[in-house]
Every structure is written in structure tokens, then in C-alpha cells.
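The values are calculated or read from the model by the stated rules, or taken from the named source; none is laboratory data. Source: prediction; values computed, not measured. Note: ideal-geometry Cβ built from the backbone for every residue, glycine included; neighbour counts use all protein chains shown. To get the accessible areas, we keep the full protein, side chains included, count just its heavy atoms, and leave off ligands, DNA and RNA. Shrake-Rupley method; radii C 1.70, N 1.55, O 1.52, S 1.80 Å.
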Amino acid sequence: MAIPIVGRLGVGVPVGAYEPGTDVKPVSGFHRRWLGKVPAREPDAEAWQLLRDALAGGDVTLLTGAPLKNPGMLLEREPDVRIARWVAQGGFAGDSVVPPEHRLPTFEGRETCPTFNFNGAPDAASKLLESPHVGERVLVSKNVCHGVVYDGAMPPPPCRRGGSPGMALVRDGTGVYLARRRAGKAFHAPLAAAVALDESVCALREVEVYRERGAWGARPASGTRTRISVSVSVDHARFLDVLTTTE
């Protein structure tokens, strides 16, 4: 997906591949409906190499919104790499962490739950959660993401005069998506991106994250340098403000 979007934005961003040379479709049918035919292109490097070079800048935030194969490969190849701050869409906060007034009915009574991004590469997720070289971890959890749904009830991201091309793409893409799925779409990755820019978008609590029989959970703890989202700001107002005004 990154290749056609980067082209539409007119910016020069290197694109990496987990396994260069393998015949893997880079986008889904939805992305073809949205962006048209996706031209073939060789990656600029292996993804872990691009991550290594980007993190060499020092005070850098790593934002992840997919299974953690590439960061996991980075830790294998460069075990002493330093990640100042990692913001991830993933993990789960259960009843022992989330106050009753913020619990979604779907997850009421649960302490653990499988999550796609962490379960897509669970060993890599565990490495990132345990590595002493990750200075700060902020997890935007599944239970909170499912409470932020883009549908007819949420105002569409505005296309402001002089606004960023990225916001125009968000507006365009969500329109294409909702044309076939009227029920709406949980805003997983956009919520994590907003938190990476402004942590006040979500209420966060320090926890210890654990994995249990293919599911993930969190328990209150101190000194872990790991915080997880327990709620979104009232009426989602702060999230929408960050999403629509940041260049």
C-alpha cells in the first residue's frame, strides 16, 4: 500500500520489503479500487535496514500499525539498536485496567483477547515489549480502537483549503471503503497515528503486557515504561482535531 500512496502524496519516502524478491501482492482489492492499478517497483532496501537508518537519528518515534515482522527482524540483525519511543496499534486492556465507565460491551468481562497486529508476529511483539533498548512504549489497544468507528455518525475528515494531501487521501479512501461497507470501519491505525502526535488523544495507564494462550492482556504495574490506552478523549474531539489539523 505504501508505494501508490507515497506517489500520490508527491514525497520521496523510501519503501522497504520484508523479503525482497518474493512474489507478494503489495495491496488488497480495496486499495486497487481506491488507488487504481499499482505499478511494480523494486524496494529501496530491506525494511529492517530502512528502520535502522531512520532510528539512527536518535530521538525518533517508531509507529507500527501491522504485524511486527520488520521491527522483529531489526532486533535480530541489530540487537543493540535504540528505539527512543514506540507507538503501536496493538495489545488489549481488560477489566483490571479499564475503568467500568470506559469498557465497551463487546469486551466487558475480559482480561485477554487475541489482537491481529501482535499475533501476526507474536515473538517479535514480545521482543519489542521486553527489549531494554526501547525507551518508551505506548500501546493503542484493540478495545479502545473498536470504540472509534468511521461511519455516518462521525463527521468526515474535512478537506480544508490548503490542507495536507494526506488528509485528502483519508477522505477519499474512507469514502471508497464505506461505499461497500456501510457498517463503518474502526479507526485502528489512524488512532495510533494521532496518539503518536499527541498523547492526550487517549487516556493511558502504565502496565505490564503479557501473552496467554494466543491472547494478549495487561495488568497494572510501575516501572515498565509501557503504557496502554484505556479510553479515548471525550466525544473523540481531540482525536479528530489532531487527525484533521496536523500537517
List the residues of the stretch 40-69 whose backbone N lies under 15 Å from a point placed 7 Å from the Cα of His133 along the Cα-to-Cβ direction.
48-60, 62
Enumerate the amide H contacts of Leu63 below 5 Å, restricted to partners 5 or more residues apart or on another chain; note that Pro and chain-start residues carry no placed amide H.
Val87
As an exercise, identify the chymotrypsin sites (Phe, Trp or Tyr not before Pro) in the stretch 73-107 lying in DSSP coil whose Cβ has no more than 13 other Cβ atoms within 10 Å.
none
For Arg32 paired with Ala45, estimate the spin-label separation in nm (one decimal), with each label point 7 Å from Cα along the Cα-to-Cβ line.
3.2
Which whole-number value in Å² is the accessible area per residue of the stretch 37-129, probe 1.4 Å?
51
What would the Debye equation give as log₁₀ I(q)/I(0) for the stretch 59-129 at q = 0.17, 0.18, 0.21, 0.28 Å⁻¹, counting only Cα atoms as equal point scatterers?
-0.70, -0.76, -0.90, -1.22
Would you mind computing, in nm to one decimal, how far apart the modelled labels at Ala221 and Thr61 are, each placed 7 Å from Cα along Cα→Cβ?
2.4
